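Down below is the structure, laid out as C-alpha cells.
Coordinate-derived values only; no laboratory data. This is a predicted model, so every value here is computed, not measured. Here the Cβ positions follow ideal geometry from the backbone for every residue, glycine too, while neighbour counts run over all protein chains shown.
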Amino acid sequence: MNERIQEKLSILADAAKYDTSCSSSGGKRKNENKGLGNAEGMGICHSYTEDGRCVSLLKILLTNHCIFDCAYCVSRRSNDVKRAAFTVDEVVDLTINFYRRNYIEGLFLSSGIFSSPDYTMERLVRIAKKLRTEHKFNGYIHLKTIPGASEELIQEAGLYADRLSVNIELPSELALTTLAPEKNYQEILTPMGQIRDGIIQNKEEKALFKKVPAFATAGQSTQLIVGASAETDLQIIKLTDSLYQGYGLKRVYYSGYIPVTDDARLPQVTQPPLIREHRLYQTDWLMRFYGFQADEILDPAHPHLDLEIDPKLAWALRNRHVFPVDVNTAEYEMILRIPGVGARSAKRIVAARRFARLNLETLRQLGVVLKRAKYFLTCQGEHQPVIGELSEQQVRRQILFGSGAVRSALVTQQLDLFAQAS
Amino acid sequence: MLPLKPIRRPTSVLASAAPRRPGAPALTAPPRDYTYDGTFEGLLTVLFTIYDWRAAPSSIQPEASAQVGLFAQPAHRETDEALAARVWDGLLKSMDSEARTRLYHVFLSEDADRELLIFRYVNLALRSAQDVAENYANADVRRVQRLAQQMFREKHRMEAFVRFEKTQDELFHATIEPDMDVLPLIAVHFTKRYADQRWLIYDRRRHYGLYYDLTRTDVVQFEAAAGRKTTDVSATVFDEREPLFKLLWQVYFDHVNIPERKNLKLHRRHMPLRYWKYLSEKQPREVRFEPIQNKQPVVGKEVSAGQKALE
C-alpha cells in the first residue's frame with residue numbers, strides 16, 4: 001500500500017510540475033472554526049527545488065490519464081508513460097498530513113481529462129469540498145478548471161477553492177489548433193469569463209449582505225507556454241495585457257517550453273528559453289507595478305524583448321530624451337522609470353528627500369543600483385550624467401561590459417550558448 | 001494616448017507628518033556605562049534612567065556579558081515593569097506604533113550594537129519635529145530599517161522552514177536554530193494555523209520553546225538534563241505513520257524538480273545551507289530517487305521535417 005502511494009505521488013507530482021503557478025497569497029480564509037490552517041494574507045514558500053522554484057503547495061494531478069493529445073504535454077494520450085490515479089481520500093489524507101507538518105500552504109490540484117470534462121471536474125470539486133467540510137481545512141486550495149466543464153461545477157469549485165485557474169498554454173489560436181487539436185480558445189475563455197463574473201458578483205453581494213460564502217477570493221490566474229510556438233513577445237504581452245484588463249486576472253505565468261517530445265510540430269530545442277521567460281516576467285512586473293503600457297515596451301518594429309538587457313533599461317535607452325531625471329524633484333512615476341531604481345528605492349527616495357537633499361552616496365545606501373542608474377539620473381548638479389552625449393550603443397556597452405558589470409550567471413551562460421551557436 | 005494605469009503610490013508621500021511634540025531633557029551629565037538584565041523591559045528602564053539622570057550612555061550592556069574598562073563604574077538598573085510600560089507608551093508621542101514595533105524587532109535581532117542603536121533612534125525621534133521613520137538619509141534610521149527587515153525575513157523563514165514531527169501522543173514537535181530570536185514573533189502565526197493540534201517549537205540555540213496545548217500558547221523552558229539534548233525526540237516515540245509522510249515529502253520534493261532548469265545558486269539563495277539541518281527534504285534518502293521517464297529526448301535525433309522546412 002505504502003509503495004503504491006509512493007509511486008502514485010512520484011508519477012502525479014512529476015506530471016504536474018510544469019505548471020509554474022505556485023502562489024499561495026491573497027486568500028482571505030481565516031481559521032475561525034478551531035479547524036486546521038489559516039490562509040489569510042501572505043503566501044509562504046516552504047521549500048525550494050534545485051531549480052530555484054518555490055514549493056508552496058502540494059501540486060499534483062488527480063490522474064495523468066488523458067483523452068487529449070496536446071503535443072507539448074507529457075501526459076498526452078499518445079505518450080507511452082506510466083499512468084496512475086489518486087483516490088479522493090488519498091489526496092485528502094496527503095494534503096492534511098503534509099499541512100500538519102508545515103510542509104505546505106495547501107493543495108494545487110489539476111488533472112488529466114478522463115471520461116469527460118464534467119466527470120473530472122466533479123472529482124476535483126469533491127476533494128476540495130471534503131477538505132473544507134469534513135476536515136475543517138482552512139489552508140489554501142487552488143483548483144484547475146477543466147476546459148469544457150459545466151458552469152454549475154465551476155460555481156461550486158469557487159465556493160471551496162481560494163483560487164481557480166484555466167491554462168491558456170498556447171498564446172494564439174493558430175498554435176492551439178496545431179498543437180492541441182482537441183482544445184479551442186472558446187472553451188478556455190468561457191470558464192475564465194464565468195470565474196470573473198462569479199468574483200464580481202460575489203463582491204457585490206458581500207457589499208449588500210453580511211454572510212455571503214466566499215468565491216475564489218484569491219482570484220484567478222493562467223499560464224502561457226513560451227517557445228513551443230512561434231508567437232512574438234509582442235503578441236504574448238498584448239495577450240497578457242488583455243487578460244489583466246479584460247478578465248481581471250491576478251497573475252499570468254510564463255513557462256519556458258521544456259522539450260518533452262520530438263513531435264515534428266514542435267521546435268527542436270534542447271534548452272528551455274529561460275532568459276526569455278525571465279524577460280517576460282520583468283515585462284509583466286513593469287505593466288503591473290511600474291505603470292508601463294504594453295506598447296511602450298514593444299511595438300511592431302521591435303516585436304521581441306532584448307535578451308541581453310532588461311526591458312526597463314531597453315525602454316530607457318530608446319527614450320534617452322526624457323533623462324536625466326532629477327531624484328530631488330521628479331514625480332514618483334518618473335523615478336520608477338529610472339533603470340536601477342526599484343519600487344522600494346523609489347518610495348524611499350520620495351520619502352527621504354523631504355529631510356535632506358539626496359546625493360549619489362545616499363542613493364547607493366537606499367539600495368539604488370548605480371551601475372545602471374548613474375546614466376539616467378541627476379542630483380541637482382552634484383552629478384551630471386552624460387546621457388545626452390552618449391549613443392544608445394555606448395551606454396549599453398558600458399553597462400553590459402564596463403567595469404563592475406555583473407551579469408546574472410543565467411544570462412552569461414545562455415549568451416555563451418548563442419555565441420557558440422552562431 | 002492611453003490613460004495612465006494606476007500605480008500603487010506609497011501612502012507616506014501623501015500623508016502629512018503627524019504633529020510632533022519635540023523635546024527631551026538635554027543630557028548634560030557626564031556619559032555613563034549602563035547595564036541591564038538583558039530583557040526588553042530592562043532596556044526600556046535604562047532609557048528612562050538616561051533621561052532621568054541626564055547622562056548619555058557610553059555603553060548599554062546586558063549584565064551577564066558586560067565588559068567595561070578597569071575603572072569604569074557601570075550603573076546597573078533593576079528592571080522596573082511600571083517604568084518600562086511608561087516608556088513604551090510614551091514612545092508613541094514621538095513615533096507611530098509601526099516604528100515602535102521596529103525597535104522591538106531590532107532588540108530581538110540580537111545585533112551587537114542594538115541597545116545603543118535603539119537609544120540613538122529614540123533620542124533622534126524625541127528631538128525631531130518631524131516623524132523620523134522615513135528619514136533614510138540618516139544612518140541610524142537606515143540601520144533600524146535594515147535590522148527590522150532582516151528580522152522580518154528571518155521570521156518569515158521560520159514560518160516556512162519549521163518541520164513538525166508527530167509523536168505517539170499526538171504532539172507535533174519541531175526544533176529550530178534561527179539567526180535571531182524569532183519565537184516571540186512567530187507565536188501568533190502558528191497558534192492561528194494549528195488550532196486543532198498540540199505543538200511545540202523549540203529554539204535550541206536559545207534554549208526555550210513555544211508550546212500550544214489546544215487552548216493557549218506558552219513559553220516553555222526545559223531543565224537541562226546533564227548534557228543531553230533535552231528536546232530530541234527519539235525515533236521510538238514517533239507516530240507510526242511519521243516515517244511514511246517524511247518519505248512521501250522527500251519523494252514529492254525530488255519529483256517536482258525540473259532538471260532542465262537546474263540552478264543551485266538560486267536554490268541556495270532562497271534556502272541557505274544553515275537551515276538544511278532541520279529540513280526533512282534535505283536529509284539523506286533511504287530510497288534512491290528514480291526519475292520518471294516521460295520524455296523522448298530531442299538531442300541526437302535526426303532533424304525533423306518541421307525543422308528542415310524552416311532552414
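Label sites at B:Ala24 and A:Gln398, each approximated as a point 7 angstrom past Cα along Cα to Cβ, lie 4.5 nm apart. In order along the stretch B:27-34, the Karplus-derived 3J(HN,Hα) couplings, from 6.51 cos²θ - 1.76 cosθ + 1.60 at θ = phi - 60°, round to 8, 8, 6, x, x, 9, 8, 10 Hz, and Gly and Pro are given as x. Taking the alpha carbon gyration tensor of chain A, multiplying each eigenvalue by 5 and rooting it gives semi-axes of 42, 27, 20 Å, largest first. Across peptide B:191-200, the mean count of Cβ atoms from other chains lying within 10 Å of each residue's own Cβ comes to 5.
Peptide packing for B:214-221, A:62-69 was compared via the average number of neighbouring C-beta atoms within 10 Å per residue; ordered from the highest value, the list is A:62-69, B:214-221.
Given R0 = 45 Å, the distance between the Cβ atoms of B:Phe48 and A:Ala207 translates into a calculated FRET efficiency of 0.40. Quick check on the stretch A:28-134: take the gyration tensor over C-alpha atoms, sort the square-rooted eigenvalues as a ≥ b ≥ c, and tell me if it's rounded (a/c under 1.5), prolate or oblate. Oblate shape, in that a/c is at least 1.5 and b/c is the bigger or equal ratio.
Highest-first packing order for the peptide set A:42-48, A:206-212 is A:42-48, A:206-212, based on the mean count of other beta carbon atoms within 10 Å.
Cysteines of the protein assembly as shown lacking any other cysteine Cβ under 4.7 Å from their own Cβ: A:Cys22, A:Cys66, A:Cys379. About the centre of its Cα atoms, the stretch B:135-221 shows a dipole size close to 400 debye [charges on the beta carbon of Lys, Arg (+1) and Asp, Glu (-1) only; nearest 20 debye]. Apply the Debye scattering formula to the stretch A:150-304, with a single equal point scatterer on each alpha-carbon and no solvent, then give log10 I(q)/I(0) at q = 0.09, 0.20 Å⁻¹. Scattering profile of the stretch A:150-304, log10 relative to I(0): -0.34, -1.27. Placing pseudo-labels 7 Å out from each Cα toward the beta carbon at A:Asp262 and B:Val220 gives an inter-label distance of 6.1 nm. If you plug the beta carbon distance of A:Asp89 and B:Tyr211 into 1/(1 + (r/R0)^6) with R0 = 41 Å, you get a FRET efficiency near 0.80. Once backbone amide H atoms are built at 1.01 Å from N, A:Tyr253 has A:Thr222, A:Gln223, A:Leu224 as its partners under 5 Å, excluding neighbours fewer than 5 places away on the same chain.
You can think of it this way: the chain between A:Ser150 and A:Asn184 has 10.7 nm of extra reach, that is 0.36 nm per residue less the Cα-Cα gap. Residues whose amide H lies under 5 Å from that of B:Thr175, counting only those 5 or more places away or on a different chain, are B:Arg163, B:Tyr202; hydrogens are built 1.01 Å from N in the peptide plane. In this rough spin-label picture, where each label sits 7 Å from Cα along the Cβ direction, the A:Asn33-B:Glu260 distance is 4.2 nm. Per the Cα gyration tensor, the stretch B:240-290 maps to an equivalent ellipsoid with semi-axes of 21, 15, 8 Å, ordered largest to smallest. The Cα center of the stretch A:85-106 and the Cα center of the stretch B:125-181 differ in position by 30 Å. Remark on A:Val55: its backbone amide H falls under 5 Å from those of A:His46, A:Ser47, A:Tyr48, A:Thr49, a criterion applied only to residues 5 or more positions apart or on other chains, H modelled at 1.01 Å from N.
Between A:Arg196, A:Arg132, A:Arg354, the residue with the greatest mean-square fluctuation in the GNM of chain A (Cα pairs under 10 Å linked by springs) is A:Arg354. By the helix-only formula, in which each DSSP H run with n ≥ 4 contributes -39500 (n - 2.57) and the sum is divided by residues, chain A has a 222 nm mean residue ellipticity of -12500 deg cm²/dmol.
Mean partner shielding of peptide A:93-104, defined as the number of other chain Cβ atoms within 10 Å of each residue Cβ, is 6. Computed 3J(HN,Hα) for the stretch A:356-372, one whole-Hz value per residue from the Karplus formula 6.51 cos²θ - 1.76 cosθ + 1.60 where θ = phi - 60°, is 7, 6, 8, 10, 4, 5, 4, 4, 4, 5, 7, x, 6, 7, 5, 3, 8, glycine and proline marked x. Residue by residue along A:253-266, Cβ atoms of other protein chains within 10 Å of the local Cβ number 4 on average. Each principal axis of the protein assembly as shown carries a Cα extent, and these read 88, 74, 57 Å when sorted largest first. Between B:Glu290 and A:Gln365, the C-beta separation translates, for a Förster distance of 41 Å, into a calculated FRET efficiency of about 0.20.
Report, as a whole number in µm² per second, the diffusion coefficient that Stokes-Einstein gives for the stretch B:116-172 at 37 °C and 0.692 mPa s using the Kirkwood radius over alpha carbon pairs. Walk me through the numbers before you get to the answer.
Details: Rh = 14.1 Å.
The Stokes-Einstein estimate is 233 µm²/s.
Computed from backbone phi with θ = phi - 60° and the Karplus coefficients 6.51, -1.76 and 1.60, the 3J(HN,Hα) list for the stretch A:74-82 is 5, 8, 4, 3, 7, 7, 8, 10, 5 Hz; x is used for glycine and proline.
Sort A:315-325, A:159-169 by the packing proxy (mean of other Cβ within 10 Å over each peptide's residues), most packed first. Write out the running numbers ahead of the final one.
On the way: A:315-325: 17.4, A:159-169: 24.5.
The most tightly packed comes first, giving A:159-169, A:315-325.
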